[in-house]
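Visitor: My questions all concern the structure below.
The values are calculated or read from the model by the stated rules, or taken from the named source; none is laboratory data. Quick caveat, the model's predicted, so the values are computed rather than measured. Note: ideal-geometry Cβ built from the backbone for every residue, glycine included; neighbour counts use all protein chains shown.
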Ligand SMILES: [Zn+2]
C-alpha cells in the first residue's frame, strides 16, 4: 500500500473519524505540538501514562510512547480502512468505554484480563506489526 492509497481511503471511506482526528491535530499544532510520522500515519505525543487514541490516520499517544504502543495505534488505523464508517461504533467507542471501565476496575483493586484479549485490541496489535514490516 502507498501513502496516497492509505490517505485516499482514510479521507473517503474512513472520513468521519478522520475529521475528528484532523480537528484534534489542528488544535495540537495551534498549541505548538509537532506532528510526527509513523508509517503512513500522523501522530502526536502528549500527556503521561494514559496510553493512546486512534482517530483514523491520526493517532495520539502519551509522551515517550514505546514502539509497541505506537504500532498498536497504527494498527487501529488499518481497521478504519477496513471498517470505514462503522469503525467508531465497532471499535473506537467500545474501546474507549472498556478503557475507562478497566481504569475503574484497576482503581478498585480488581485484576484485569490482558489488554489484547478484547477482539479489536488484539487485532489492532497484529495489524500494526503486519503493516510496519511493509
Ligand atoms: Zn487499542
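Visitor: If we keep just the residues of segment 69-101 that are without any contact (Cβ under 8 Å) to a residue 24 or more places away in the chain and under 18 Å from residue 48 (Cβ atoms), which is farthest from the chain's Cα centre (by Cα)?
Guide: Going through the qualifying residues, I end up with 100.
Visitor: For residue 63, state whether it is touching a strand residue (DSSP E or B) at 6+ places or on another chain (Cβ under 7 Å) and crowded, with 18+ Cβ neighbours inside 10 Å.
Guide: For residue 63, the condition - touching a strand residue (DSSP E or B) at 6+ places or on another chain (Cβ under 7 Å) and crowded, with 18+ Cβ neighbours inside 10 Å - is not met.
Visitor: Would it be correct to say that residue 8 is part of a loop (DSSP other than H, G, I, E, B), away from the ligand (no atom under 16 Å from the Cβ) and within 23 Å of residue 132 (Cα to Cα)?
Guide: Spelling it out, it is not the case that residue 8 is part of a loop (DSSP other than H, G, I, E, B), away from the ligand (no atom under 16 Å from the Cβ) and within 23 Å of residue 132 (Cα to Cα).
Visitor: Between residues in segment 117-129 that are farther than 16 Å from residue 40 by Cα and more than 10 Å from the ligand (Cβ to nearest atom) and residues that are at pLDDT 95 or above and assigned to a helix (DSSP H, G or I), which pairs lie under 8 Å by C-beta distance while being six or more apart or on different chains?
Guide: These pairs meet every condition: 126/75.
Visitor: Evaluate the following for residue 37: is it without any contact (Cβ under 8 Å) to a residue 40 or more places away in the chain, more than 12 Å from the chain's Cα centre (by Cα) and within 13 Å of the ligand (Cβ to nearest atom)?
Guide: no
Table: residues versus (1) under 18 Å from residue 20 (Cβ atoms); (2) out of contact with any strand residue (DSSP E or B) (no Cβ under 9 Å at 6 or more places or on another chain); (3) surrounded by 20 or more Cβ atoms within 10 Å (Cβ to Cβ).
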position: 33; (1), (2), (3): yes, no, no
position: 41; (1), (2), (3): yes, no, yes
position: 58; (1), (2), (3): yes, no, yes
position: 69; (1), (2), (3): no, no, no
position: 76; (1), (2), (3): yes, no, yes
position: 92; (1), (2), (3): yes, no, yes
position: 104; (1), (2), (3): no, yes, no
position: 111; (1), (2), (3): no, yes, no
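Okay, residues lined up against (1) farther than 21 Å from residue 1 by Cβ; (2) within 13 Å of the ligand (Cβ to nearest atom); (3) out of contact with any helix residue (DSSP H, G or I) (no Cβ under 6 Å at 6 or more places or on another chain):
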position: 46; (1), (2), (3): yes, no, yes
position: 51; (1), (2), (3): yes, yes, yes
position: 54; (1), (2), (3): no, yes, no
position: 61; (1), (2), (3): yes, yes, no
position: 66; (1), (2), (3): yes, no, yes
position: 69; (1), (2), (3): yes, yes, yes
position: 84; (1), (2), (3): no, no, yes
position: 91; (1), (2), (3): no, yes, no
